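Novice: Sending over a structure as structure tokens; questions will come in a sec.
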Amino acid sequence: MPPPLAGSIPTSRLLDRLPDLALLNHRGETVRLVGDLLAGRAVVITAMYTTCRGSCPVTSQRLADVRGALWPIFGRRLSILSFTLEPEVDTPEKLRDYAAAYGADARAENLPDWQFLTGSPTAIERMRRGLGLFDLDPAVDRDPARHAAVLLCGNPDHDRWSLLPSGLRAGLLVEGIRRIAGFTFEQRYGIRA
């Protein structure tokens, strides 16, 4: 096979390049990044940490606000994943308490699953970098308090990804997630047959 042309579109999906890391969720369950959390699902991913007093609580509340509106669109095919930037501090127990504050401590019958994730510092760093959720300035990147208030929305199977600012109004956020992460044209644009 000839080498790819300079500037050509990559032929491998992000899902194929990510390591299938073992992580722990707020329920104390071991989950695999690719096999359990990404494959076959639409996802909304955000970075957070439980002691944050800046954008993390605002982002988590915004996700809690739009979670119900995402259910009729995606059902169980959408997951919300919030991973800690401080894995040495944020144990599954601390994440469970944090999740409870946003109504995400247990699986809900009619809401997309929302998991709060931790793991070894190496696993979290590999995931964060693999997903592209890092700052190009190393000084900014090392400081968890300066992380961006964004949501990485995607459909890993279709390799469609985009960042959305978490501060968007709820309706705009739902519309953005629908268009990026939807599985079909009809789902992405809200068309009913």
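Novice: I'd like to verify a number: residues in the range 28-73 that are of a type in the set (Lys, Arg), under 22 Å from Arg126 (Cα atoms) and not in a strand (DSSP E or B), how many?
Specialist: The total comes to 1.
Novice: Is it fair to say Ala99 is under 17 Å from Val58 (Cα atoms), over 13 Å from the mean Cα position of the chain (by Cα) and modelled with pLDDT of 95 or more?
Specialist: Yes, satisfied.
Novice: Let me ask you something else. Which count do you get for residues in the range 165-182 that are surrounded by fewer than 18 Cβ atoms within 10 Å (Cβ to Cβ) and within 23 Å of Ser12 (Cα to Cα)?
Specialist: Residues that pass the stated criteria total 1.
Novice: Can you name the residue in the range 65-99 that is among the polar types (S, T, N, Q) and in contact (Cβ under 8 Å) with a residue 40 or more places away in the chain and is also nearest to Cys52 (Cα to Cα) among such residues?
Specialist: Here the answer is Thr84.
Matching residues to (1) in a strand (DSSP E or B); (2) touching a residue at least 24 places away in the same chain (Cβ under 8 Å); (3) closer than 19 Å to Asp16 by Cβ:
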position	(1), (2), (3)
His158	no, yes, yes
Leu164	yes, no, no
Val174	no, yes, no
Ile177	no, yes, no
Phe183	no, yes, yes
Glu186	no, no, no
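Novice: From the set of residues in the range 64-110 that are within 17 Å of Leu37 (Cα to Cα) and polar (S, T, N, Q), which is surrounded by the fewest Cβ atoms within 10 Å (Cβ to Cβ)?
Specialist: Per the criteria, the residue is Ser79.
Novice: Continuing with this model, one more query. Collect the residues in the range 105-134 that are hydrophobic (A, V, I, L, M, F, W, C) and under 21 Å from Pro165 (Cα atoms), keeping them in residue-number order.
Specialist: The answer is Trp114, Phe116, Leu117, Met127, Leu131, Leu133, Phe134.
Novice: Oh, and also: Mind listing whichever residues of the range 49-64 are closer than 17 Å to Asp113 by Cβ and touching a residue at least 60 places away in the same chain (Cβ under 8 Å)?
Specialist: Leu63
The values are calculated or read from the model by the stated rules, or taken from the named source; none is laboratory data. The shown structure was predicted, so the numbers you read here are calculated from the model rather than taken from an experiment. Backbone-built Cβ (ideal geometry, glycine too); neighbour counts: all protein chains shown.
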